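Let me begin by presenting the structure, written as structure tokens, before commenting on it.
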Amino acid sequence: MIVEYNGNTELNSGRVVLWFSIPGCPPCRIVESFMEELSGEFPEIKVVHINAEKWNDLASHFDILNVPTLIYLKDGEEVARQNLIRRKEEVLIRFEGLKKLLDETFK
């Protein structure tokens, strides 16, 4: 499930993927086509969609220079970043890595 950022969304606990995009962006639509599927495959990872135009302060805080950009967080700390994503497989690898960080934490 994808959570739409509303200004109060918790970003500092657990595994979170921040998905920055803007309306009408063709590459963002490509990412949108598989993000819902990936969020269903990895329910332990919270996916937060952020409209970078609407939430410009948050985009600036994370130094978002282009969209789509994905920021991977573990307990509020950035552990990875991807931008200019074109294929689901690119993102799948990072989701698996974030899940592995979780698994190692609880061993």
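Observations, loosely collected:
- Subset of segment 54-76 [over 16 Å from residue 97 (Cα atoms), in contact (Cβ under 8 Å) with a residue 24 or more places away in the chain and of a type in the set (A, V, I, L, M)]: 58, 59, 64, 67
- Extreme residue, nearest to residue 94 (Cα to Cα), among residues of segment 17-28 that are in contact with a strand residue (DSSP E or B) (Cβ under 9 Å, 6 or more places away or on another chain) and open to solvent by less than 30 Å² (accessible area, probe 1.4 Å): 17
- Condition check for residue 98: at pLDDT below 90, in a helix (DSSP H, G or I) and buried (at least 16 other Cβ atoms within 10 Å of the Cβ): yes
- Cβ separations smaller than 7 Å between residues 6+ apart or across chains give the following pairs from segment 25-53 residues that are under 12 Å from residue 5 (Cα atoms) to residues that are surrounded by fewer than 16 Cβ atoms within 10 Å (Cβ to Cβ) and of a type in the set (D, E, K, R): 49/4.
- Residue that is surrounded by the most Cβ atoms within 10 Å (Cβ to Cβ) [pool: residues in segment 29-77 that are among the basic types (Lys, Arg) and within 21 Å of residue 12 (Cα to Cα)]: 46
- The set of residues in segment 29-55 being among the acidic types (Asp, Glu), closer than 25 Å to residue 77 by Cβ and in contact with a strand residue (DSSP E or B) (Cβ under 8 Å, 6 or more places away or on another chain) consists of 44 alone.
- Enumeration of residues in segment 23-44 that are closer than 16 Å to residue 71 by Cα and of a type in the set (Ser, Thr, Tyr): 39
- Looking only at segment 1-28, residues that are assigned to a loop (DSSP other than H, G, I, E, B) and either more than 11 Å from residue 73 (Cβ to Cβ) or among the acidic types (Asp, Glu) (or both) come to 11 in all.
- Test for residue 81: is it surrounded by fewer than 17 Cβ atoms within 10 Å (Cβ to Cβ), in a strand (DSSP E or B) and not small (Gly, Ala, Ser): yes
The values are calculated or read from the model by the stated rules, or taken from the named source; none is laboratory data. Worth saying up front: this structure is predicted, and the values here are computed from it rather than measured. Neighbour counts are summed over all protein chains in view; Cβ atoms, including those assigned to glycine, are modelled from backbone coordinates with ideal geometry. Note: accessible area is taken over every heavy atom of the protein model, side chains too, but ligands, DNA and RNA are not part of it. Shrake-Rupley method; radii C 1.70, N 1.55, O 1.52, S 1.80 Å.
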